[in-house]
């Protein structure tokens, strides 16, 4: 009886040991698989963190580019506004220069007309002066001739003779003519002096008008160059603005894509952490039994 119990106990012990060994052998593949899952989850988490960090860096870089683009756009608009003001100022200057040129031409034409009229007056005065001098010289010759006639008639006929009286009348008339011619000469000289003064003043005005005209034309030329340069700057600023707006649009697109990648990385990281917790919980459950 005792032997029988002993044998039965041994058999039962062997069966229990066999069952435990079978259970251990059955649990060994599951434990290894869970460890692999945990390892993979950790690796996925590390990759998710790297991706998240890289996407955040890209997003921040894109945001910096956006801020830079916004500043560039603001500066470009400011430059364009200033260029347009400069262009309008140049147009106004050119308009004023053209008015000045037209005024200078008008003054120059008038002064030339006055100078030519004064020159004609000078020529006329010189002709009158030559004529009056000729008349004065002729009258002087008549006076000299009358004096000789009077002297002869006084000697031949007496001082009170009709011939002597006639000679005195001729002498008096010729002297009056000579004096009138001298007054004409003096008047012609005065007119000639005045006309020359006027002519010289008109010539000075002409020279001044030419100088003003040259200066206004030079200003007009410079203002045209400034206008051309300002338009070129304005057009370049417009192109810069267009390029900056394109860059801004592209940078915003890149920033939004990076933000989507960040959101996806966060979602993946959250899911991988959840898987890790689940796998760790599954691995710890058999040890509690």
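Just so you know, all these numbers are worked out from the coordinates, no wet-lab data involved. Note that the coordinates shown come from a computational prediction; the quantities given were computed from them, not determined experimentally. Neighbour counts are summed over all protein chains in view; Cβ atoms, including those assigned to glycine, are modelled from backbone coordinates with ideal geometry.
Considering region 27-83 alone, what residues qualify as being within 30 Å of residue 284 (Cα to Cα) and free of Cβ contacts under 8 Å to residues at least 24 places away in the same chain?
Answer for region 27-83, where residues must be within 30 Å of residue 284 (Cα to Cα) and free of Cβ contacts under 8 Å to residues at least 24 places away in the same chain: 28, 29, 32, 33, 36, 39, 40, 43, 46, 47, 50.
Would region 210-227 turn up any residue that is under 11 Å from the mean Cα position of the chain (by Cα), farther than 30 Å from residue 114 by Cα, free of Cβ contacts under 8 Å to residues at least 24 places away in the same chain and part of a helix (DSSP H, G or I)?
Among the residues of region 210-227, at least one is under 11 Å from the mean Cα position of the chain (by Cα), farther than 30 Å from residue 114 by Cα, free of Cβ contacts under 8 Å to residues at least 24 places away in the same chain and part of a helix (DSSP H, G or I), which makes the answer yes.
Residues of region 251-274 being buried (at least 16 other Cβ atoms within 10 Å of the Cβ) and closer than 18 Å to residue 47 by Cα, which ones?
Listed by number, the residues that qualify are 258, 259, 261, 262, 265, 268, 269, 272.
Of the residues that make up region 177-192, is at least one out of contact with any strand residue (DSSP E or B) (no Cβ under 9 Å at 6 or more places or on another chain), assigned to a helix (DSSP H, G or I), buried (at least 17 other Cβ atoms within 10 Å of the Cβ) and without any contact (Cβ under 8 Å) to a residue 40 or more places away in the chain?
no
Kindly indicate whether residue 207 is assigned to a helix (DSSP H, G or I), without any contact (Cβ under 8 Å) to a residue 60 or more places away in the chain and over 30 Å from residue 135 (Cα atoms).
Against the criterion (assigned to a helix (DSSP H, G or I), without any contact (Cβ under 8 Å) to a residue 60 or more places away in the chain and over 30 Å from residue 135 (Cα atoms)), residue 207 qualifies.
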